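**Student:** The structure's right below; bear with me while I get my questions together.
FYI, it's all coordinate maths here, none of it is from the lab. None of the values given here were measured: they were computed from a predicted structure. Every residue, glycine among them, receives a Cβ derived from its backbone with ideal geometry; neighbour counts consider all protein chains shown.
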Amino acid sequence: MRWRWTESIQTAADVTLAVGLAVLSAYTALTATTPIVVAGGPTSIAGPRWIVAAAQVVAALALIWRRRAPLATLVTVVVVLAVPTLAFGGSEGSGSFMALGVALYSAGAHCERRQAVTALTLVSAFWVLLVVRDPLNADVHDMLGSWPVYLVYVVVWLFGVYLRTRRLYVAQLRERAERAEQDREERVRAAAADERARIARELHDAVAHAMSVIVVQAEAADEMLTLGAPERARVPIERIQRIGREGLVEMRRLLGVLRHDTSLAFAPLPGIPALQPLVDDVNATGLPVSLTIEGEPRALATGVDISAYRIVQEALTNTIKHASASKVDVHLRYGDQLQLEVVDDGIGPLGRGDDGHGLVGMRERVALYGGTLSIGAAAGGGFRIFATLPLEEPA
């Protein structure tokens with residue numbers, strides 16, 4: 001179990017220390033054999049014992065506030081000890097010396113640098129007063145002999161300053177670590193959101209297209225069965241089966257991504273070579289689609305290849321669902337850029353509900369690779385989608 005210095009424990013420790021030093025100060029001051037000067041022992045008292053003892057007790061009890069007001073505590077200790085020193089002379093005692101040292105350490109450990117320097121200056125001035133007013137110091141040689149004790153105070157002050165610096169440094173490191181952890185979590189959340197958006201686009205592009213074609217084929221099969229031509233209904237039913245299987249494969253692939261499944265059993269992502277089978281599936285629904293490819297085909301970056309396929313797929317899906325078109329023309333041109341154009345003769349843009357995930361997904365894909373997208377009415381009526389993609393992914 002790790003010990004933690006809570007505020008209540010710190011207060012109790014400070015009170016115990018202060019009371020202990022007060023008792024020690026009173027004992028060393030009151031046990032002197034003469035009220036004037038007692039030399040040769042642990043204590044040398046100048047002046048009435050009870051006054052010196054009272055001053056040292058007050059100075060010791062002031063240490064109760066050494067953490068909450070370290071500089072004020074030090075000032076109190078120095079002033080209280082300076083009063084009998086000025087009145088009667090310098091008095092020595094382990095209790096008063098320890099109280100002064102604890103107050104100086106607390107100022108170094110809990111005050112800002114400027115206040116800590118002020119505290120050391122104040123103690124230095126008091127020490128000069130104490131040395132000058134000490135009856136035991138008959139000459140300069142005696143005065144200089146007491147300065148090693150002052151150096152002990154300087155070491156105590158430096159130790160307090162060091163601990164404060166180290167404490168601030170550790171707190172800064174902890175703050176940096178917490179900030180870095182927060183930044184990492186934010187990046188993880190942003191990456192997860194981007195991945196969810198990407199998977200949502202994939203689901204919409206792949207599954208929505210498959211469902212649209214299946215619905216149209218199912219309607220055709222139902223009409224043929226109503227007309228009493230079950231053999232003719234077999235063709236759209238077989239297409240429904242094939243497209244449904246392809247949709248399930250695509251769904252399993254996307255679910256595999258969600259599960260972080262690295263299995264190679266899933267079908268590869270479709271690209272431009274898969275456009276012709278896509279067009280054939282839409283033709284089978286009864287909507288004539290023509291595919292024209294101009295320019296010299298070339299190998300494309302994987303992301304651009306997939307995006308081109310998805311844009312055409314979504315455009316055809318929207319035409320099937322919303323346009324009531326009689327024909328669709330798909331043009332693919334290789335040049336400085338890859339140009340995609342899908343034009344139908346159906347309902348214009350004002351009468352279509354194409355402002356859902358489909359067009360949003362197109363815009364995101366095009367923006368991702370630094371391309372352009374134009375959506376609106378065709379020149380001769382109908383609806384036109386025109387997109388450009390770079391032949392290479394941006395660096």
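**Student:** Per residue of region 373-388, what does 6.51 cos²θ - 1.76 cosθ + 1.60 with θ = phi - 60° give for ³J(HN,Hα)? Whole Hz please, x for Gly and Pro, Karplus curve as stated.
**Tutor:** 9, 10, 10, x, 6, 7, 4, x, x, x, 9, 9, 10, 10, 10, 10
**Student:** Further question on the same structure: In nm, to one decimal, how far is the residue 360 label point from the residue 31 one, both placed 7 Å along Cα→Cβ?
**Tutor:** If labels sit at residue 360 and residue 31, their model points lie 8.4 nm apart.
**Student:** If you count, for each residue, the other Cβ atoms within 10 Å and average over each peptide, how do 164-171, 211-218 line up from highest to lowest?
**Tutor:** Highest to lowest by the protection proxy: 211-218, 164-171.
**Student:** Could I ask something else about it? Residue 382's amide H: which non-local residues (gap 5+, or another chain) put their own amide H closer than 5 Å, with H modeled 1.01 Å from N in plane and none for Pro or chain starts?
**Tutor:** Here 348 satisfy the definition.
**Student:** Can you list residues whose amide H is under 5 Å from residue 67's amide H, if they're 5+ apart or on another chain and H is modeled 1.01 Å from N?
**Tutor:** Placed amide hydrogens put nothing under 5 Å from residue 67.
**Student:** Stokes-Einstein at 10 °C, 1.306 mPa s, Kirkwood radius from Cα pairs: D for region 288-395 in µm² s⁻¹?
**Tutor:** Estimated via Stokes-Einstein, D reaches 114 µm²/s.
**Student:** Give me, ordered by chain and number, the residues 5 or more places off residue 338 or on other chains with an amide H under 5 Å from its own placed amide H.
**Tutor:** Residues meeting the amide H criterion: 389, 391.
**Student:** Give a residue-ordered list of calculated ³J(HN,Hα) values for region 171-180 (Karplus: 6.51 cos²θ - 1.76 cosθ + 1.60, θ = phi - 60°; whole Hz; x for Gly, Pro).
**Tutor:** Using θ = phi - 60°, the values come out as 5, 5, 4, 5, 5, 4, 5, 5, 5, 5 Hz.
**Student:** Would you kindly derive the ³J(HN,Hα) couplings of region 242-248 from the backbone phi angles with the Karplus curve 6.51 cos²θ - 1.76 cosθ + 1.60 (θ = phi - 60°), listing them in order in whole Hz, with x for Gly and Pro?
**Tutor:** Per-residue couplings from phi come out as 5, 5, x, 5, 4, x, 5 Hz.
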